[in-house]
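Here's the structure, in structure tokens; my notes come after.
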């Protein structure tokens, strides 16, 4: 399995390429900009993009959606509760940043316990509301992509529309902390961590 982190966009969000080495199929998680960098990596590795998956609908994670779809024909996936953020500049926060961006509707709406198959790789959907109503994490063998739910020794903001501090803490404690300690945490911002490290050192979980 290939996992590559590509920082993208004005806020340096972590975009991830997840590729199946056997089939050369791939998914891109959170293409928040710099589409050319993402396409160059896919081409260099000989990967065919099947899916674009948004962990939530904020602009720093979705800004490259349409360009990447147009260039590859990949399907776009987002949780059903964040689907309206794609087409609403107020909800996706682009209007707050001085520009308004709308995106095409998703091809598939995700929900709790869905599975996205990328070649021989299975990504399992965990609904983790709190940062947004439809925020998700994606588990894969040995790791979890946490979007803006869980960071290295921190958590996602809850002061934007749809945010809920109690909900995000509940999501992390009930749905992420039961994962094994050695599970790699691939967050939407900042550096990588593990579930075990967060269990011991994340001040929001004490």
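What is the range 96-206's relative contact order, in percent, from Cα pairs under 8 angstrom and six or more apart in sequence? List each step's numbers first, then the result.
Details: 203 pairs, mean separation 23.8, N = 111.
For the range 96-206, the relative contact order is 21 percent.
Please give the peptides 120-127, 97-104 ranked by average Cβ packing (other Cβ atoms within 10 Å per residue), highest first, as a rough proxy for protection. The partial results should precede the final answer.
On the way: 120-127: 18.0, 97-104: 13.2.
Going by the mean number of other Cβ atoms within 10 Å, highest first, we get 120-127, 97-104.
Run the simple label-point estimate for residue 67 and residue 102 please: 7 Å along Cα→C-beta, distance reported in nm.
Distance between the two pseudo-spin positions: 2.1 nm.
Report, in deg cm²/dmol and to the nearest 500, the calculated mean residue ellipticity at 222 nm for the chain, where each DSSP H run with n ≥ 4 adds -39500 (n - 2.57) and the sum is divided by the residue count. Please list the in-between numbers first.
On the way: 5 runs with 37 residues, N = 206.
The helix-only estimate for the chain comes to -4500 deg cm²/dmol at 222 nm.
How far is it, in nm, from the label point at residue 48 to the one at residue 21 when both lie 7 Å from their Cα along the line to the Cβ?
The two pseudo-label positions are separated by 2.0 nm.
Determine the distance separating the Cα centre of the range 58-97 from the Cα centre of the range 6-43; give it in Å without decimals.
15
Restricting to Cα pairs below 8 Å that are 6+ residues apart, what does the relative contact order work out to for the chain? Please round to a whole percent. Before the final figure, lay out the partial values.
On the way: 492 pairs, mean separation 31.2, N = 206.
Across the chain, relative contact order equals 15 percent.
Hey, could you grab the Kirkwood Rh for the range 31-83? Inverse mean 1/r over distinct alpha carbon pairs, Å, one decimal. Present the calculation step by step, with values, prior to reporting the outcome.
Working: mean 1/r = 0.0884 Å⁻¹.
Hydrodynamic radius (Kirkwood, Cα pairs) of the range 31-83 is 11.3 Å.
If you take every DSSP beta bridge fully contained in the range 2-205, what fraction is antiparallel? Give it as a percent rounded to 5.
On the way: 26 of 41 bridges.
So the antiparallel bridges in the range 2-205 amount to around 65 percent.
Divide, for the range 2-135, the radius of gyration over alpha carbons by 2.2 N^0.38 Å, where N is the residue count. Numbers along the way, then the final one.
Details: Rg = 13.9 Å, N = 134, 2.2 N^0.38 = 14.1 Å.
Normalised Rg, Cα atoms only: 0.98.
Over the range 55-199, how many percent of alpha carbon pairs lie in each 10 Å bin up to the one with the longest distance?
Result, from short to long distances: 12, 41, 36, 11, 0 percent.
For a protection proxy built on the mean count of beta-carbon atoms within 10 angstrom, sort 58-66, 173-181 highest first, please.
The densest-packed peptide leads the list: 58-66, 173-181.
Using a simple spin-label model with points 7 Å from Cα along the Cα→Cβ vector, what separation in nm is obtained for residue 192 and residue 84?
3.8
Among 87, 141, 75, determine the one that fluctuates most according to a GNM of the chain built with springs between C-alpha atoms less than 10 Å apart.
The residue with the greatest mean-square fluctuation here is 141.
For the chain, set up a Gaussian network in which alpha carbons nearer than 10 Å are linked by springs, and say which option among 40, 153, 13 fluctuates the most.
40
Readers should treat all values here as calculations from the given coordinates under stated rules, not as data from a laboratory. No experiment lies behind these values; they were computed from the predicted model shown. Methodologically, a virtual Cβ is constructed for each residue, glycine included, from the backbone with ideal geometry; neighbour enumeration extends over all protein chains shown.
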